[in-house]
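Asks: My structure is below; once you've seen it, I'll send some questions.
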Amino acid sequence: MSAKDVIVALDFPGKAETLAFLDRFPAGEKPFVKIGMELYYAEGPDVVREMKARGHRIFLDLKLHDIPNTVKRAMAVLSRLDVDMVNLHAAGASEMMRAALEGLRRPDGSRPLLIAVTQLTSTDDTALKRELLIDTPMAETVLSYAQNAARSGLDGVVCSPLEAALVKERCGADFLTVTPGIRFADSAVGDQKRIMTPERAGQSGCDYIVVGRPITQAADPVAAYRRCVKDFLG
Ligand code: C5P
């Protein structure tokens with residue numbers, strides 16, 4: 001079992017809504033949180049500093065993709081925010097991924113975990129073939145991108161919980177799988193298509209599960225978070 005923690009996706013439009021949500025948790029309970037583009041672009045780096053000061057671990061989900069030098073310099077800025085996990089698009093290729101790692105390294109030798117996005121789950125086989133001109137089937141493309149990320153020294157990939165075991169088989173047991181698409185057996189599916197319960201995810205080689213609406217939209221978010229942690233970590 002590789003299950004490590006539940007990451008709560010803070011998919012809120014601004015700081016006020018985010019703090020209102022986090023203030024529901026007792027003072028000593030600090031979930032690992034994900035800050036994505038919406039919140040980051042609305043509030044800037046201050047929202048990251050504030051979450052950090054409140055004692056949260058942070059996955060900053062900005063999915064960088066640019067030339068190696070630009071990504072290296074941007075990653076150096078993000079690393080100084082003292083976040084715990086960041087990501088990029090594996091489509092930027094190995095030179096960009098290695099440059100990102102260099103940029104993330106802090107003077108004391110530490111760095112945030114670096115996770116790759118392989119193919120976005122919104123890209124289907126038709127778009128892959130007709131628009132991206134990739135003839136290799138989706139599943140193989142995802143695994144091949146994951147292998148490139150592993151060879152470049154990255155720590156893991158974002159993937160479906162249904163792909164986690166296969167990723168570990170190809171890239172090694174220590175290569176992290178960070179998996180959205182999590183739903184309780186009795187919660188609304190919403191727009192997610194390939195879903196798994198926290199309990200099954202815990203048994204399926206997922207290291208971190210990223211959970212948004214089943215927690216943020218619950219009548220009792222703290223109870224939903226605790227249920228998720230209990231189910232996932234066993
Ligand atoms: O609300 P829900 O649990 O579906 O939220 C899942 C989170 O994971 C969202 O922040 C979403 O953007 C993110 N995500 C995803 N699927 C991917 C990549 C990221 O759902 N393939």
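Asks: How charged is the neighbourhood of LEU162? Take every other residue with its Cβ under 11 Å from the Cβ of LEU162, and add Lys/Arg as +1 and Asp/Glu as -1.
Replies: Counting the neighbours of LEU162, the net charge comes to +2.
Asks: For segment 178-234, report the convex hull volume of the alpha-carbon atoms normalised per residue, in Å³, without decimals.
Replies: It comes to 72 Å³ per residue, whole-number rounded.
Asks: Among the aspartates and glutamates, which fall within straight-line cross-link reach of LYS34, defined as a Cα-Cα distance under 13 Å, with same-chain neighbours fewer than 8 residues apart omitted?
Replies: Cross-link targets: ASP5, ASP11, ASP61, ASP84.
Asks: What Kirkwood hydrodynamic radius, in Å, does the chain give when the mean of 1/r is taken over all pairs of distinct Cα atoms and then inverted? It would help to have the intermediate numbers written out before the result.
Replies: Details: mean 1/r = 0.0551 Å⁻¹.
Evaluated over the chain, this radius sits at 18.2 Å.
Asks: If you count, for each residue, the other Cβ atoms within 10 Å and average over each peptide, how do 178-185, 148-155 line up from highest to lowest? Show your work: numbers first, answer last.
Replies: Values: 178-185: 20.6, 148-155: 18.9.
My ranking of the peptides, most packed first, is 178-185, 148-155.
Asks: Next up: As an exercise, identify the GluC sites (Glu not before Pro) in segment 94-147 lying in DSSP coil whose Cβ has no more than 14 other Cβ atoms within 10 Å.
Replies: GLU131
Asks: What number comes out for the charge environment of SER144, summing +1 per Lys or Arg and -1 per Asp or Glu over other residues with Cβ under 11 Å away?
Replies: Overall, the nearby charge balance is +1.
Asks: A follow-up question, please. Which value in nm describes the separation of the simple spin-label points at ALA27 and LEU233, placed 7 Å from the Cα toward the beta carbon?
Replies: So the two model labels end up 2.2 nm from each other.
Asks: Right, another one. Among GLY28, PRO137, THR177, whose Cα lies farthest out toward the positive end of the dipole of the chain, if unit charges sit on the beta carbon of Lys, Arg (+1) and Asp, Glu (-1)?
Replies: My answer, from the dipole projection, is GLY28.
Asks: Given the options ASP84, ASP191, ASP61, which has the most mean-square fluctuation in a GNM of the chain, springs set between C-alpha atoms less than 10 angstrom apart?
Replies: Largest GNM mean-square fluctuation: ASP191.
Asks: If I stretch the segment between ALA42 and ASN69 completely, what's the gain in nm (0.36 nm per residue apart, minus their alpha carbon distance), one decimal?
Replies: Net length gain for the segment: 7.1 nm.
Asks: Another question, then. Using the eigenvalues of the Cα gyration tensor, what equivalent ellipsoid semi-axes result for segment 1-94 when each is taken as the square root of five times the eigenvalue, whole Å, largest first? Working shown, then result.
Replies: Details: eigenvalues 122, 50, 27 Å².
The three semi-axes for segment 1-94 are 25, 16, 12 Å.
All of the numbers you see were taken from the coordinates with simple rules; none came from a lab. Since the model is a prediction, treat every value here as computed from it, not as a measurement. Glycine also receives a Cβ, built like all others from the backbone with ideal geometry; neighbour counts cover every protein chain displayed.
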